[in-house]
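Structure first, then comments.
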Amino acid sequence: MSSPATCPTAEPDGLSEIASAEAALWKDGFDAAKLADYQAAHRRLEETIAATGDDRRHKFIVFVPVADRPQQLATCLDSLLSLCRAYGYGGLRDGRWHKVEAVIAEDSAEPESIAAHRALAERVTAGGLTTHHFGPEEQAALLASMDDDERAALAPAIGDVVPTYRGRKGQGAMRNLAHLHLARLQRAAPHERLLFWSIDSDQEFSVKIATPDGDLEANAISFFHRLDEIFERTDALLLTGKVVGDPPVSPAVMTGNFLADVLGFLDEAFEGDPRSVCRHHDRDTHREGEAAYHDMAERFGFRHANEAYRYPCPLDGWHTEADCFAHFAARLNGFFYGEHPTRVSRYLHDELWRTVQPARTVYAGNYVARPESLAHFIPFAPLRLRMSGPTLGRLLKGQLGARFVSANLPMLHKRTVTGSTQSEFRPGVTERDARIDLNDEFERQFFGDVMLFSMERLTAAGYPDRRIATADQPKGRRTPRSGGPEQGEGWGNAPHFCSTLDALRDELLAQYNSRRADILAKLARLRERLDDPTAWWSTAAHGAAIADFRNFADNVERNFGDAAPWFARINSPEHWLHWRGRLANALERHPDDAQAWAAAIARQAGHA
């Protein structure tokens, strides 16, 4: 896979200048003073390419599904404009960026949000970046252009196929519907070398970098140039990046390690003097690692970090231990929206081609696809399970092999609105009077994990292409769908699916129950520590901060205690039978659903 960076229309001197500027930028860690030189080198390259009049590089369509997040979407698209201005990929023609466009894939329920997103598309377009609003009318028209049978065949990918707008379909269904729209864009521009880039509305086109003076955010990657190089020099069909900043996972699988970090913070604070200078600015000695924020990192092949991580105080200027204590307490609520103040991921620079390697996980908020890859879709989207990206990744690993790759091109992930501890909208999270309910998200996380790890086991055995016989069913016989005829050969092996699902559910249920017991034990220690009458925070002067800590503890109790509905549901045999039937049916249908989807994409792209 390794290959030198090239550009078919660039002069060697321009590429050499960029390579030298990059080396200087990262020679002894990140040197912010050299960033302007690095960006300017790219802009000079663009001037050279423009002078030739022959730019055969890829054009990017950046598409972003969004539900009721006008502020976060504005920040996201403004960062895209900043990226274009900083590095100049493709240059300007008639005041517009020639090689980059954006699509807002509307999934809002609130009319005010839809109007705000449409107005944002107009503002960004006026700023030089052509931005399309794939809104309610456009979505309804796309579905209405199909006949009843075509729409019905797409239900497993997009859910409700009635040609009217429905908001908050979920990220999977919205991305799949957007893929149909992108296929139409491909049809309208047959001579363009298009790449489609899926992002999330709570991300930015920059990275978080650790420096001796603390973290900073910088526009330090020329994403479009690097992606163009990879797709120019390899036969990759789909590339996935990752994210830095806030973790890409649910609080459902981070609470154990965050409680350990909160306890570590209180233990350290207990030994200090609230009036003394803050001691939480030393760099943590933990190495940046994969999934340090995940309570079940070992299930993904990573080392579980048992020790607590220190809180990196972000306050500037002279301040006390008590100031840091109060600031940390005020941030605790953000954890339930996906922030992890103690285990933030940071960008680690490396030579790009050393990082391009076969992948196994799709980060739904950061993948780039050739038009051919639109034939693949987010599986089981109507089930609204979490972990749909990793589940798709397991399928692509088997189907695309080395043409499914990852690279060290992460985007900055910010779960909450700047200056707050909340997201504008996050599915599965409800808050009322500081009482946060995550039960819907937790249940979707558990059954999403069951599907993911079942898929991992099934694809290792050849799914979806190879049949597996069981004692229950002779080899080569297909179980017909309910109410439908037999249709050729395939998996059609519901007993095998059920046995795999049962095995994974039992394994994960034991892990979830054990982890919950550990969380409740840590919660008891947290309450004991907060109630310690000998602690300096027991005085009235620190009452507001302690109230924030207690509210955090109450919300952990609300979502992990004996009264938590999700815990009862995942342990219920009857509820499992319901979910097992849904999961097994989805697995059985998937090979046929994938064929129907590929045919629909081909029709939209004008290839059928």
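FYI, it's all coordinate maths here, none of it is from the lab. As the structure is a computational prediction, the values presented were derived from the model and not from experiment. Ideal geometry is used to build each Cβ from the backbone, glycine not excepted, and the neighbour counts take in all protein chains shown.
Cβ-Cβ distance of residue 34 and residue 554, R₀ of 60 Å, FRET efficiency by 1/(1 + (r/R0)^6): the value works out to about 0.80.
Near residue 422, the amide H atoms lying under 5 Å from its own belong to 417; only residues 5 or more places off or on other chains count, and H is placed 1.01 Å from N.
Net charge dipole, the range 541-608: roughly 200 debye, given to the nearest 20, about the Cα centre with Cβ charges of +1 for Lys and Arg and -1 for Asp and Glu. Beta bridges per DSSP, both residues in the chain: antiparallel share near 50 percent.
In order along the range 103-109, phi translates into HN-Hα couplings of 10, 8, 8, 6, 9, 7, 9 Hz, rounded to whole numbers, per the Karplus curve 6.51 cos²θ - 1.76 cosθ + 1.60 with θ = phi - 60° and x for Gly and Pro. Modelled spin labels at residue 217 and residue 465, positioned 7 Å past Cα toward Cβ, are 4.3 nm from each other. Dipole magnitude for the range 78-164: computed about the Cα centre from +1 point charges on Lys and Arg Cβ and -1 point charges on Asp and Glu Cβ, it is near 760 debye. For residue 346, nonlocal amide neighbours, meaning residues 5 or more places apart or on other chains whose placed amide H falls under 5 Å from its own, are 245.
With θ taken as phi - 60° and the Karplus curve 6.51 cos²θ - 1.76 cosθ + 1.60 applied, the whole-hertz 3J(HN,Hα) list for the range 452-457 is 4, 6, 5, 4, 4, 5 Hz, x standing for glycine and proline. Couplings 3J(HN,Hα) of the range 140-147, computed from phi: 4, 5, 4, 5, 5, 6, 9, 7 Hz, in residue order, whole Hz [Karplus 6.51 cos²θ - 1.76 cosθ + 1.60, θ = phi - 60°; x for Gly and Pro]. Simple point charges give the picture: +1 on the Cβ of Lys and Arg, -1 on the Cβ of Asp and Glu, and for the chain a dipole about the Cα centre of about 1480 debye. In the chain, taking the dipole from charged Cβ atoms about the Cα centre, the farthest positive-side position among 14, 132, 463 is held by 463. Among the listed values (1) 25.9; (2) 28.6; (3) 27.5, the one computed from these coordinates for Kirkwood radius over Cα pairs in Å is (1). Proximity of backbone amide H atoms, modeled 1.01 Å from N, is registered between residue 59 and 193, 194, 195 at under 5 Å, excluding neighbours fewer than 5 places apart on the same chain. Remark: for residue pairs 59/242; 169/414; 34/208; 208/397; 27/397, the C-alpha separation exceeds 27 Å in 208/397; 27/397.
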